[in-house]
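Engineer: Before I ask anything, here is the structure I am working with.
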Amino acid sequence: MTIKKILFVEDEENLLNSFSFILENEGFEVFKASNGEAALEMLKEITPDFVILDVNLPGIDGYTVAKKIREDRNGRTILIMMLTGRHGEDEIVNALETVADDYICKPVKPRMLLARIKSILRRSEAAVSSNSGDTVSTGDISLDLSARTVKTGEKQIKLTRSEFDILSLLMKSPEHVFSRDFIISSIRGDDFFITERSIDFLISGLRRKLGTYGNLIKTVRGIGFKLESDFRND
């Protein structure tokens with residue numbers, strides 16, 4: 001794995017410095033910011049591969065920083081991990097639905113943080129390698145796996161990373177029923193803790209964004225979800 005640039009945004013100075021030191025010892029190039037304003041200024045000069053972003057930052061909070069990253073063209077492929085002391089499931093779901101690739105709660109042990117970062121980077125690199133130049137289509141839904149864009153007809157649909165990964169999984173094997181556990185492990189990895197209810201939220205958001213084409217995604221009671229190959233406006 002080539003040297004990766006990590007932007008670590010954390011207002012707790014001891015945590016910022018100690019974890020940055022650990023990441024540097026693992027071969028990462030680390031840039032540090034103690035608040036949202038400093039992070040956004042730094043992002044004008046660098047494009048990191050990975051951002052570790054505390055939610056409860058002074059001034060501009062972590063969610064706002066993450067949204068600004070996603071709004072920038074160069075930020076669409078940046079991997080974002082939210083770091084916070086909050087443990088509510090609704091907050092985790094909201095982060096994953098909108099801006100985050102992962103979400104980890106404090107207190108966190110260095111080995112766990114490193115494992116999660118490396119796992120996300122490996123999956124991201126594998127996806128880019130295997131999907132380069134590929135497109136997948138079902139009816140009028142078309143996915144460009146390399147550019148990570150989605151169209152229904154000529155209309156481009158904006159999806160979160162999690163929504164895109166779920167749709168990609170379903171479209172690659174239409175009519176196949178995927179369990180919630182399989183979906184979780186496929187898009188997040190076995191080491192990622194998220195409940196089945198969270199997957200239901202993500203599926204609901206995906207259906208809503210696809211409009212009438214969301215009817216292609218069917219719930220198979222007691223098992224999981226599948227994508228029908230034939231469009232039915234019901």
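Engineer: Mind listing just one residue for me: the one in the stretch 34-69 that is of a type in the set (S, T, N, Q) and surrounded by fewer than 17 Cβ atoms within 10 Å (Cβ to Cβ) and, of those, farthest from the chain's Cα centre (by Cα)? Walk me through how you get there before you give the answer.
Structural biologist: Going residue by residue through the stretch 34-69, those that are of a type in the set (S, T, N, Q) are 34-35, 47, 56, 64.
Next, from what is left, pick out any that are surrounded by fewer than 17 Cβ atoms within 10 Å (Cβ to Cβ): 47, 56, 64.
Working: THR47: 17, ASN56: 19, THR64: 16 Å.
Result: ASN56.
Engineer: What about THR212, is it under 20 Å from ASP101 (Cα atoms), modelled with pLDDT of 80 or more and among the hydroxyl-bearing types (Ser, Thr, Tyr)? Quick ask: steps written out before the conclusion?
Structural biologist: Values: under 20 Å from ASP101 (Cα atoms): no; modelled with pLDDT of 80 or more: yes; among the hydroxyl-bearing types (Ser, Thr, Tyr): yes.
Criteria not met by THR212.
Engineer: Could you go through the stretch 52-69 and let me know if any residue there is touching a Lys or Arg at 6+ places or on another chain (Cβ under 7 Å), closer than 24 Å to LEU167 by Cα and at pLDDT below 95. Lay out the reasoning, then the answer.
Structural biologist: Looking only at the stretch 52-69, we keep the residues that are touching a Lys or Arg at 6+ places or on another chain (Cβ under 7 Å), and these are 55.
After this cut, where a residue has to be closer than 24 Å to LEU167 by Cα as well, the list is none.
Scanning the stretch 52-69, I find no residue that is touching a Lys or Arg at 6+ places or on another chain (Cβ under 7 Å), closer than 24 Å to LEU167 by Cα and at pLDDT below 95, so the answer is no.
Engineer: Here is a further query. Give the number of residues within the stretch 6-26 that are open to solvent by less than 70 Å² (accessible area, probe 1.4 Å) and either under 25 Å from GLY59 (Cα atoms) or under 23 Å from the mean Cα position of the chain (by Cα) (or both).
Structural biologist: Let us first name the residues in the stretch 6-26 that are open to solvent by less than 70 Å² (accessible area, probe 1.4 Å), namely 6-11, 15-20, 22-23.
In the following step, the residues that additionally are either under 25 Å from GLY59 (Cα atoms) or under 23 Å from the mean Cα position of the chain (by Cα) (or both) were identified as 6-11, 15-20, 23.
Residues that pass the stated criteria total 13.
Engineer: Any idea how many residues of the stretch 1-48 are in contact with a helix residue (DSSP H, G or I) (Cβ under 7 Å, 6 or more places away or on another chain) and in contact (Cβ under 8 Å) with a residue 60 or more places away in the chain?
Structural biologist: Residues in the stretch 1-48 being in contact with a helix residue (DSSP H, G or I) (Cβ under 7 Å, 6 or more places away or on another chain) and in contact (Cβ under 8 Å) with a residue 60 or more places away in the chain: 7 in total.
Engineer: Related question: Please go through the stretch 6-64 and pick out each residue that is β-branched (Val, Ile, Thr) and assigned to a loop (DSSP other than H, G, I, E, B). Give the derivation first.
Structural biologist: Just the residues of the stretch 6-64 that are β-branched (Val, Ile, Thr), to begin with: 6, 9, 22, 30, 46-47, 51-52, 55, 60, 64.
Of everything in the stretch 6-64, those that are β-branched (Val, Ile, Thr) and assigned to a loop (DSSP other than H, G, I, E, B) turn out to be ILE46, THR47, VAL55, ILE60.
The values are calculated or read from the model by the stated rules, or taken from the named source; none is laboratory data. Quick caveat: nothing in here was measured; it's all calculated off a predicted structure. Positions of Cβ are backbone-derived with ideal geometry, glycine not excepted, and every protein chain shown enters the neighbour counts. Protein only, heavy atoms only, side chains kept; ligands, DNA and RNA dropped before computing areas. Shrake-Rupley method; radii C 1.70, N 1.55, O 1.52, S 1.80 Å.
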